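Pasting in a structure now, in structure tokens, and then I'll have a few things to ask.
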Amino acid sequence: MSNTNVVRTAMAGILQTCQYTGKKLEVFPNSTLNQKLSIHADVQLIDTDMPHVRYVGIGDGGHDFLRGGNGKTKWVGVHHTPRHTAMYNQLPFVLRPIGEDLTPEQRVRYRLRKVERHHGVDYIAYYLRVLDMSLSRPALELRVVEDGVTTSTPFVPSLEDLNPVPPVLVTDNAVTTTGDYVASTMKVPFIMTPEDVTEFINACRIRENEDGYGIISELVTVSGVDKTVNGAFNGVNQSYTEAIYAQVTAFVATAWVMDSLRDGTRLNLDIGNVEPLLTVSN
């Protein structure tokens, strides 16, 4: 990820290293949302499985309220570290009564399904959404920063890049960054439609037994492998697609009060890396 207010995780780093080198991914304990949420945590990867970023999760633990010096209460972001493997407080996208589960057609958008009880009633919860990458393409960008404003243009290596000339170094010269970057990027839309917002607000109302708790202040991109597993649907055991070895790859700080976003909202997730450009200065 290359957004501001983004923390890339250690699990993302080891996954990328294994993908670069073609090595088998080592399975780490205490690193999956399957274990955290007790959702098919016993299903194992096989040697040919390689997780990819496929999903997004949401929560409301990325903020707090503190009293400022003027005595007024203010919103303060609570950020993650690369060590973290789960959100502070993950929330479901959907929470339906047992007899009103999603249809198979609706369910293809979601992962991490589980039964949970709230206020004496059993519900079906869905904790991940599948990202739609059908229109997203990897690209290289040159990002030039001037007066705090970043301008992005497509980047293609030049003949000078293929035949680099070493800079002339003299005593007391330093190699520093220019503030400009070359970025590998793929912009993936995460869209909450009006219907998605209504589902989420309803899920928060059920959990809290009160209105006014539909806040998204932390968002995660998640890697994993889709596998066919069995689950109970209205008392009938059926197979369905579930995310296995689901790991957080990046934490994204947000500040969405969903009651104010009834018409929906959108965030372009910039999945990639940035590399600073260097220069020689006195």
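Where a number appears in this text, it was derived from the coordinates with a stated rule and is not lab data. What you see is a predicted model; the values in this text were computed from it and never measured. FYI the Cβ positions are ideal-geometry reconstructions off the backbone, even for glycines, and counts take in every protein chain you see.
Please rank Val7, Val27, fewest neighbouring Cβ atoms within 10 Å first, as an exposure proxy.
Ascending number of Cβ neighbours within 10 Å: Val27, Val7.
If you wrap a convex hull around the Cα atoms of the stretch 75-173, how much volume per residue is inside, in Å³?
For the stretch 75-173, the hull spanned by Cα atoms encloses 275 Å³ per residue.
Here's a follow-up. Would you grab the residues whose amide H sits under 5 Å from the one on Arg111? Only those 5+ places off in sequence or on another chain, please, with H modelled 1.01 Å from N.
For Arg111, the qualifying residues are Tyr127, Leu128, Arg129, Val130.
Still on this structure, please answer the following. Measuring from centroid to centroid over Cα atoms, what is the spacing of the stretch 233-260 and the stretch 50-80 in Å?
18 Å
Please arrange His40, His119, His84 by how many other C-beta atoms lie within 10 Å of their C-beta, fewest to most.
His119, His84, His40
Between Gln44 and Asn89, what FRET efficiency follows from the Cβ-Cβ distance if R0 is 41 Å, with the result rounded to 0.05?
Result of the calculation: an efficiency of 0.90.
For the chain, the longest stretch holding no GluC sites (Glu not before Pro) located in a DSSP loop with at most 12 other Cβ atoms within 10 Å is which?
Free of exposed loop sites, the longest segment is 27-209.
Quick one: longest stretch of the chain between exposed loop trypsin sites (Lys or Arg not before Pro), exposed meaning at most 16 other C-beta atoms within 10 Å and loop per DSSP?
Of all site-free stretches, the longest is 110-261.
What angle, in degrees between 0 and 90 and rounded to the nearest 10, separates the Cα long axis of helix 194-208 from the longest principal axis of the Cα atoms of the chain?
60 degrees
Take every Cα pair under 8 Å in the chain that's 6+ residues apart, average their separations, divide by the length, and report that relative contact order as a whole percent.
Computed value for the chain: 29 percent relative contact order.
With the chain treated as a Gaussian network of Cα nodes joined by springs under 10 Å, which of Pro138, Pro92, Pro51 yields the largest mean-square fluctuation?
Maximum fluctuation in the GNM of the chain, among the listed residues, is at Pro138.
Continuing with this model, one more query. Once both axes come from the Cα atoms, what is the angle between helix 10-21 and the longest principal axis of the chain, in degrees from 0 to 90, rounded to 10?
With rounding to tens, the tilt is 60 degrees.
Can you work out the FRET efficiency for the pair Asp122 and Ser158, with r the C-beta to C-beta distance and R0 = 51 Å, to the nearest 0.05?
After rounding to 0.05, the efficiency reads 0.25.
Normalise the Cα radius of gyration of the stretch 177-229 by 2.2 N^0.38 Å (N = residues in it) and let me know the number.
So the stretch 177-229 has a normalised radius of gyration of 1.79.
For the chain, what is the charge dipole size about the Cα centre, in debye to the nearest 20, if Lys and Arg each add +1 at the Cβ and Asp and Glu each add -1 at the Cβ?
Dipole size: approximately 540 debye.
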